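Enquirer: Here it is: the structure, laid out below.
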Amino acid sequence: MNKKTWYFIIAIIIIALGAFFYLNSQKSGNGDNSNGEVFSLIEDKDNVLWNEDLNLDQAFIDQYTRNLEKARKNLEEAGEEITEGNKEAVQSYYNNIALFDSYLGNYQEAYDYYLKSLELYSDDRVVWLALGSLLMQMQAFESAEKAIDIGLEWNPYDDLGWTKKIGLYETWLGQNPESAQKIDGLYKEAIEKTNEDPLLVNNYADWLVRIGRKEEAIMIYEKLVEISPENEEAINRTINKLKE
């Protein structure tokens, strides 16, 4: 067998292997994005909470179920074909289905529909943050951080994104000196990025109180008076109570 034949065989093998890996990457699995381009879980899918009994009152279950059925009906009426004319509406139906499924503890379906939504508009930071919140409920904390970080990439000055990331860290990392240091740093970064957003500054001061750093909290509350003078009276009451 001459060299040209060997080169030809090797080329065929390489092409075949490439096709094999490509096709396998397109296969969807439990909790995996079908095309692998928008988002994929970091955690093992078997270690993620896909459904949960939230022990809801029947009134809430009935209301969420009605809202979910309405969103599904709207999606069905929109038709199977997605066009520029109905794309935004279809995305809103996807988001509504995901939201009410998450309220009912149907995390698998909620996850799938958020991915469908992001396949239509991958730059929608609100959906990325909603996905991050869902992943927190699913106890997929690394993936939640990934989703929230993508949302913050689209708008690093968004107080909602930073609030969600801080909330994630508080839930995920627990209470210990190392996690407190990380959360402290995250608050400072968030406050800087958002140009001293009053809500984040207030939340930072509240957090400092919760972990027993009252003197630092008082300093932050005093800073908050400068940022939100309209709330000076209420903030000063908090400061005085801490000084007692």
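Just so it is clear, none of the values below were taken in a lab; they were calculated from the coordinates. Quick caveat, the model's predicted, so the values are computed rather than measured. Quick reminder, even Gly has a Cβ in these numbers, built from the backbone with ideal geometry, and neighbours come from all protein chains shown.
Enquirer: Do you know which of the residues in segment 159-189 that are more than 17 Å from R210 (Cβ to Cβ) and in contact with a Leu (Cβ under 7 Å, 6 or more places away or on another chain) is surrounded by the most Cβ atoms within 10 Å (Cβ to Cβ)?
Expert: G161
Enquirer: Confirm whether L75 is closer than 30 Å to N155 by Cα, surrounded by 15 or more Cβ atoms within 10 Å (Cβ to Cβ) and free of Cβ contacts under 8 Å to residues at least 24 places away in the same chain. Outline the logic, then answer.
Expert: Details: closer than 30 Å to N155 by Cα: yes; surrounded by 15 or more Cβ atoms within 10 Å (Cβ to Cβ): yes; free of Cβ contacts under 8 Å to residues at least 24 places away in the same chain: yes.
When the stated conditions are applied, L75 passes them.
Enquirer: Name the single residue that is nearest to Q175 (Cα to Cα) among those in segment 215-227 being over 31 Å from the mean Cα position of the chain (by Cα) and surrounded by fewer than 18 Cβ atoms within 10 Å (Cβ to Cβ).
Expert: Narrowing segment 215-227 to residues over 31 Å from the mean Cα position of the chain (by Cα): 215, 218-219, 222, 225-226.
Now narrow it down to the ones that are surrounded by fewer than 18 Cβ atoms within 10 Å (Cβ to Cβ): 215, 219, 222, 225-226.
Details: E215: 20, M219: 23, E222: 26, V225: 29, E226: 30 Å.
Restricting to residues being over 31 Å from the mean Cα position of the chain (by Cα) and surrounded by fewer than 18 Cβ atoms within 10 Å (Cβ to Cβ), the top hit is E215.
Enquirer: If you don't mind, another one. List the residue pairs whose Cβ atoms are under 7 Å apart, where the first residue sits in segment 169-195 and is within 26 Å of E43 (Cβ to Cβ), the second is outside any helix (DSSP H, G or I), and the two are 6 or more positions apart or on different chains.
Expert: Listed pairs, sorted by first residue: A180/I211.
Enquirer: Looking at (1) farther than 21 Å from V126 by Cα; (2) free of Cβ contacts under 8 Å to residues at least 24 places away in the same chain; (3) of a type outside the set (D, E, K, R); (4) in a helix (DSSP H, G or I), which one does L224 not meet, given that it meets all the others?
Expert: Looking at each condition in turn, L224 falls short on (2).
Enquirer: Now for a separate question. Please list, ordered by residue number, the helices (runs of 4 or more DSSP H) wholly in segment 123-195 having 1 or more residues that are of a type in the set (K, R) and in contact with a Pro (Cβ under 7 Å, 6 or more places away or on another chain). Reasoning before the result, please.
Expert: Details: elements: 125-137, 141-154, 159-173, 177-193.
In segment 123-195, 177-193 are the helices (runs of 4 or more DSSP H) which contain 1 or more residues that are of a type in the set (K, R) and in contact with a Pro (Cβ under 7 Å, 6 or more places away or on another chain).
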